[in-house]
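Worksheet: one structure, shown below.
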Amino acid sequence: MSVGIPKYVKFDYFYVTCRPKGARAAVPDGPFDLRVILEKFRSLDLEQRIVDYKQEKARLEFFQFNANPGYIWDLYFARLRDFNIPSLARQNAPSESIDLDDDEYIGENVSAIYDEEYNIIMIQRNRYSLGPAAIEEYINHFHDNPDEEINFRPIKLPDPKEKVRSAAFHRRLRVKFADLDKKSIEGRSASLSKWLSLFKEYESVNGEVILSVSRKRDDSLGGNLRDFLEELHQNRDIVTKAEMSIKKSELSEIEVVDLFEDHVHDIAQFTVPPRATLNHEAVVYEMINLYTKRRTEILQYLFHPNKKE
């Protein structure tokens with residue numbers, strides 16, 4: 001029996017806006033309803049949806065309005081490539097090249113959902129497919145107004161340090177370091193030096209330190225968190241990742257805050273069977289769950305960024 005492979009997927013949130021081309025920075029963006037573009041695709045077949053992107057091609061494979069929860073569009077984009085093609089390998093035979101016909105490509109897909117009520121698009125990250133900038137460029141290709149440009153603006157988070165400081169419980173701290181050696185450790189702040197002393201005996205290593213509390217509901221990390229969080233930011237040359245798991249109250253669920261991330265994102269785990277690809281329907285189902293749970297929070301970040309939670 002085949003065992004599935006765990007795969008972690010990141011999702012980013014963007015506000016879809018529009019502005020005059022070449023406008024001064026002081027000119028604000030206005031919200032753009034992506035349905036204007038989506039309606040155009042109804043009259044286009046798959047071939048007509050293909051757009052040249054750099055040395056490759058991009059296409060909207062599939063789109064539909066999702067009746068549940070009733071405000072979301074389900075989108076499926078593909079990067080089509082016909083170069084750097086992998087070979088086909090067998091256990092008991094030499095690898096063979098894959099010969100593509102003139103109208104055949106290797107497709108690398110990526111899922112997205114769009115909230116038609118608030119012009120928010122959530123995009124799956126897939127290093128082999130189209131990124132947000134590529135999808136933004138693709139959408140602009142079908143915009144009828146040549147004097148305007150459609151933009152995907154990342155939705156900013158409030159200061160993550162402040163969010164951590166105001167939490168009632170701090171359950172887990174995870175810090176990753178890179179390229180540590182005796183020279184890079186010298187001269188660091190007192191608190192950080194205590195952590196880095198663990199790596200003094202080694203040369204140019206990457207390391208990770210995790211502190212966590214017991215499973216008791218009201219346990220929390222102590223120490224001088226305020227100063228230590230500042231120290232982590234001041235030492236970004238060696239601190240590559242810092243996450244704090246927090247609870248806003250004793251009964252609330254645990255939330256993981258990325259101390260260096262300034263844009264809203266989510267991460268989900270999927271199990272992918274061998275010889276299979278990540279299923280679009282499964283991805284969209286999870287995306288809708290994630291977004292629905294955070295929708296109120298995201299709207300606050302977008303429209304009331306200075307309001308306290």
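The values are calculated or read from the model by the stated rules, or taken from the named source; none is laboratory data. Keep in mind it's a predicted model, so treat the numbers as computed, not measured. Neighbour counts are summed over all protein chains in view; Cβ atoms, including those assigned to glycine, are modelled from backbone coordinates with ideal geometry. Note: accessible area is taken over every heavy atom of the protein model, side chains too, but ligands, DNA and RNA are not part of it. Shrake-Rupley method; radii C 1.70, N 1.55, O 1.52, S 1.80 Å.
For the reader, a short list of remarks on this structure follows.
- Residue count, the range 116-163 (criterion: open to solvent by less than 60 Å² (accessible area, probe 1.4 Å), assigned to a loop (DSSP other than H, G, I, E, B) and either among the aromatic types (Phe, Trp, Tyr) or in contact with a Cys (Cβ under 7 Å, 6 or more places away or on another chain) (or both)): 1
- Members of the range 164-177 found to be within 19 Å of Gln234 (Cβ to Cβ) and either open to solvent by 20 Å² or more (accessible area, probe 1.4 Å) or hydroxyl-bearing (Ser, Thr, Tyr) (or both), listed by number: Arg165, Arg174, Lys176
- Residue in the range 271-283 that is of a type in the set (S, T, N, Q) and in a strand (DSSP E or B) present: yes
- Of everything listed in (1) free of Cβ contacts under 8 Å to residues at least 60 places away in the same chain; (2) surrounded by fewer than 13 Cβ atoms within 10 Å (Cβ to Cβ), the single unmet condition for Pro273 is (1).
For (1) modelled with pLDDT of 95 or more; (2) open to solvent by 70 Å² or more (accessible area, probe 1.4 Å); (3) within 19 Å of Ser111 (Cα to Cα), each residue gets a yes or a no:
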{"site": "Ala23", "(1), (2), (3)": "no, no, no"}
{"site": "Pro28", "(1), (2), (3)": "no, yes, no"}
{"site": "Arg35", "(1), (2), (3)": "yes, yes, yes"}
{"site": "Phe41", "(1), (2), (3)": "yes, no, yes"}
{"site": "Leu44", "(1), (2), (3)": "yes, no, no"}
{"site": "Gln48", "(1), (2), (3)": "yes, yes, no"}
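- Matching entry among Ile210, Ile185 (being open to solvent by less than 90 Å² (accessible area, probe 1.4 Å) and at pLDDT 80 or above): Ile210
- Among the residues of the range 1-45, just one is in a strand (DSSP E or B) and without any contact (Cβ under 8 Å) to a residue 60 or more places away in the chain, namely Gly30.
- Inter-residue pairs, beta-carbon under 6 Å, first in contact (Cβ under 8 Å) with a residue 40 or more places away in the chain and assigned to a helix (DSSP H, G or I) and in the range 223-246, second surrounded by 14 or more Cβ atoms within 10 Å (Cβ to Cβ) and of a type in the set (Val, Ile, Thr), 6+ apart: Leu232/Val239
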